[in-house]
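> Below is the structure I would like to discuss, written out as structure tokens.
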Amino acid sequence: MEINIENKIFLISYENKSLPLKKISKKNDLNQIQFYFNLKGEMDLLFNENYSIKLEENKCLILYNSKKALNLNAKLHNNSKIISFIISLKEMHNLLSNQDIHIPTIINIKEKYYEEIIISDSILFVLNQIMNSNGNMNTQKLFIKAKIYETFSLLFQSNESKNSEKCPFILNNDTINKIKEAKNILVKDISKTPTLNELSQELDISLKKLKTGFKEIYGHSVYQYALNNKLEFAKNLLIKGKNNVNEVSLMLGYSTSSHFIAAFKKKYGVTPSSFVKNS
């Protein structure tokens with residue numbers, strides 16, 4: 001469902017009740033602020049061949065880029081429901097600048113904005129009212145417009161943009177390449193995981209860009225990615241049966257096998273020995 005409320009304010013809703021994966025796409029204009037609210041399930045937002053953002057249930061994603069139209073290309077997982085507001089920056093100014101609402105950075109943005117926040121219960125209630133609205137088109141538009149205003153009021157009153165970061169798809173190619181190289185370093189030597197400071201210095205990239213960019217591209221922190229890679233490697237070694245638990249632990253660079261056993265059990269729910277017995 002897509003409704004043009006007025007003055008370049010669009011309401012879009014998507015639902016996938018039965019398909020394993022539903023692909024959706026929409027062309028958007030420059031200078032539009034996009035709000036995506038995930039009411040149920042999971043949604044992967046795709047921006048180009050390098051980046052995707054997984055929007056989890058009860059999360060809201062706010063996007064803006066004055067230099068690039070952010071066209072929607074997304075994958076909606078089974079049993080998922082999404083509602084989206086798309087509004088021009090000019091209309092956002094008109095809508096909110098004269099209201100008695102604390103407006104964070106978004107009202108004064110000049111180039112780029114990205115924020116992911118948790119949907120509060122009060123906002124969720126309003127969004128479900130929108131999804132369940134009916135009646136003739138004119139009265140429905142009036143109702144939805146009021147509810148969009150209410151959503152913005154609740155959204156900006158409760159959020160100070162505490163965790164606002166640059167969106168990954170606007171990182172420059174040099175930064176992208178350095179983050180990819182960081183990943184290559186992590187998987188090259190399974191027995192020695194460099195520290196964040198060592199990676200930062202070796203690749204000549206700031207810690208903030210490294211941590212933020214790595215998580216956005218690969219979905220995990222640097223540490224978690226390295227740990228997952230180690231444990232996956234260990235699991236494959238144990239399946240092959242050529243090395244015992246102590247040998248695998250040493251190959252991964254653990255000082256004691258107990259640390260390896262604890263990490264393995266935390267990830268897979270069983271100890272390495274139990275895993276081998278049941279393989």
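What follows draws every value from the coordinates through simple rules; no lab data is involved. Keep in mind the model is a prediction, meaning the values are calculated, not measured. Heads up, the Cβs are rebuilt from the backbone with ideal geometry, glycines too, and the neighbour counts pull from every protein chain shown.
> Efficiency by 1/(1 + (r/R0)^6): what FRET value for Lys27 and Lys54, r their Cβ-Cβ distance, R0 = 25 Å, to the nearest 0.05? The partial results should precede the final answer.
Working: r = 22 Å, r/R0 = 0.90.
Once rounded, the FRET efficiency stands at 0.65.
> What's the magnitude of the charge dipole for the range 171-278 around its Cα centre, counting Lys and Arg as +1 and Asp and Glu as -1 at the beta-carbon? Answer in Debye, nearest 20.
Charge dipole, the range 171-278, about its Cα centre: 440 debye, nearest 20.
> Something else now. Starting at the first residue of the range 247-254, write each ³J(HN,Hα) from the Karplus equation 6.51 cos²θ - 1.76 cosθ + 1.60 with θ = phi - 60°, in whole Hz, x for Gly and Pro.
Calculated HN-Hα couplings, in order: 5, 5, 4, 5, 4, 7, x, 6 Hz.
> Give me the one-decimal nm value for the distance between modelled label points at Leu142 and Ala69, 7 Å along each residue's Cα-to-Cβ direction.
3.4 nm
> Using the 10 angstrom Cβ neighbour count as an exposure proxy, how do Tyr114, Tyr223 rank, fewest first?
Tyr223, Tyr114
> Report the net charge of residues surrounding Leu154, where surrounding means a beta-carbon distance below 13 angstrom and charges are Lys +1, Arg +1, Asp -1, Glu -1.
Overall, the nearby charge balance is -1.
> Just order 10-23, 81-94 by mean Cβ neighbour count inside 10 Å, highest at the front, would you?
Ranking the peptides 10-23, 81-94 by packing returns 81-94, 10-23.
> Still on this structure: Under the classification rounded if a/c is under 1.5, otherwise prolate if a/b is larger than b/c and oblate if not, where does the range 171-278 fall, given a ≥ b ≥ c as square roots of the Cα gyration tensor eigenvalues?
Prolate.
> Ok, one more. As I understand it, the dipole of the range 171-278 uses +1 on the Cβ of Lys and Arg and -1 on the Cβ of Asp and Glu, about the Cα centre. Which of Ser257, Tyr225, Phe214 lies farthest toward its positive end?
Result: Ser257.
> Could you give the length gained by full extension between Lys240 and Asn177, i.e. 0.36 nm per residue of separation minus their alpha carbon distance, to one decimal place?
19.3 nm
> What is the fewest-to-most order of Phe37, Phe143 by other Cβ atoms lying within 10 Å of their Cβ?
With the sparsest Cβ surroundings first, the list reads Phe143, Phe37.
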